[in-house]
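A.B. asks: Following this message is one structure expressed as structure tokens.
The values are calculated or read from the model by the stated rules, or taken from the named source; none is laboratory data. Just so it is clear, the structure is predicted and the values come from calculations on it, not from any experiment. Cβ placement follows ideal geometry from the backbone for every residue including glycine, while neighbour counts extend to all protein chains displayed.
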Amino acid sequence: MERGKLNVDFAGKIAEFEMLLNKVIPKKMLYRFLARGKGIEFDSYRNFGSDEDASLIDWKASIRSNNLLARQYVQEKNLNVMFVVDVGENMVFGSQEKLKCEYTAEMVAALSHSIINSGDQIGFILFNNTFAKLSPIRPGKKQLDILLYNLLDPYLYKGTSNIGDNLNSLVELLNPSVSMVILISDFLRVNENQKNDFGMLGNLFETVAIMVRDPLDKTLPDINKEMILESYNGDRLLINPSLVKKTYELGVEKQTAFVRDLFQKSKIDLLELDTRNDFALDLATFLKRRVDRRD
């Protein structure tokens, strides 16, 4: 593929996501998904205005005072968000309209645009079997343009990615000033050997993991014919999907359950996305839940 030939619609997805996000999260509360428990502090109560969003009300305090009260927070300025995005060959895969890498690029565009529009800053680390591209935290639209330019580069997508093998180096790369890490991959190669490393990441940094998977990452087509599967390292295997479908699905379910449990124990919030579905509503709803839990 040539640069710029990925099937993406950055402008359309940014507009769609921001419309949905503004419906579920009041704009002045948008920053609060970034640092649940870090970066913002409770300041005081204030009288709740009739034209405000009811989710701002602190009902316990309101009952005690016999008056509708809202919590008021002090916001840390210039929150620093680091995107860590999988650009391995495993992301150049798909059975739907979008390859995983295209789906991911649009989602990163929408989320990073909202972060920058909130006055915060982003950096990025793009990884495959190594760290392919790195950019420190910087403010402004130019930083967003650099990130999206790199995500559009088809020559960047190569190598067998496994973030678990790079976690120690990743933590060393992250500046203590980073407010949040947003880690995006299919996480298909995460395993038992990485328990301690993910735990270290989750304890050192507020971390969100976004799992992007294609339907064929979860199941095989229901056909009774032989086909050749080629792994990321070039190994080929002749199979009949109808004969191995159930075994394949059980293996995927087991690995996915392991990832969920690992991230929960590592204090890493996990959002699971399927390339069959538009990410905008799922991502906006996920961020709303983070805001609600913060309250």
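A.B. asks: Could you list, in sequence order, the residues of the stretch 56-80 that are at positive phi and modelled with pLDDT of 75 or more?
C.D. replies: The answer is Asn66, and nothing else.
A.B. asks: Moving on. With the checklist (1) modelled with pLDDT of 95 or more; (2) part of a helix (DSSP H, G or I); (3) of a type in the set (D, E, K, R) in hand, flag the one item Arg276 doesn't pass.
C.D. replies: (2)
A.B. asks: Looking at the stretch 211-238, which of its residues are outside any loop (DSSP other than H, G, I, E, B) and modelled with pLDDT under 70?
C.D. replies: Result: Met227, Ile228, Leu229, Glu230, Arg236, Leu237, Leu238.
A.B. asks: Further question on the same structure: What pairs come up if the first residue lies in the stretch 1-30 and is part of a loop (DSSP other than H, G, I, E, B) and of a type in the set (A, V, I, L, M), the second is buried (at least 18 other Cβ atoms within 10 Å of the Cβ) and modelled with pLDDT under 80, and their beta carbons are under 7 Å apart, counting only those six or more places apart or on different chains?
C.D. replies: Hits for this filter: Ile25/Val291.
A.B. asks: Considering each residue of the stretch 92-102, count those that are out of contact with any helix residue (DSSP H, G or I) (no Cβ under 7 Å at 6 or more places or on another chain) and in a helix (DSSP H, G or I), and give that number.
C.D. replies: 1
A.B. asks: To continue, here is another question. Regarding Glu106, is this residue out of contact with any Phe, Trp or Tyr (no Cβ under 7 Å at 6 or more places or on another chain), surrounded by 17 or more Cβ atoms within 10 Å (Cβ to Cβ), among the charged types (D, E, K, R) and more than 23 Å from Leu167 (Cβ to Cβ)?
C.D. replies: So Glu106 fails the test.
A.B. asks: Quick check: anything in the stretch 165-175 modelled with pLDDT under 90 and not in a helix (DSSP H, G or I)?
C.D. replies: Within the stretch 165-175, one or more residues are modelled with pLDDT under 90 and not in a helix (DSSP H, G or I).
A.B. asks: Within the stretch 180-205, can you find the residues that are within 16 Å of the chain's Cα centre (by Cα), over 23 Å from Lys100 (Cβ atoms) and in a helix (DSSP H, G or I)?
C.D. replies: Gly202
A.B. asks: Here is a follow-up. Run down Val85, Val108 and say which single residue is assigned to a strand (DSSP E or B), at negative phi and modelled with pLDDT of 95 or more.
C.D. replies: Val85 is the lone residue from the list that is assigned to a strand (DSSP E or B), at negative phi and modelled with pLDDT of 95 or more.
A.B. asks: Same structure, new question: If Val208 passes every condition in (1) among the β-branched types (Val, Ile, Thr); (2) assigned to a helix (DSSP H, G or I); (3) in contact with an Asp or Glu (Cβ under 9 Å, 6 or more places away or on another chain); (4) modelled with pLDDT of 90 or more but one, which one does it miss?
C.D. replies: The one condition Val208 does not meet is (2).
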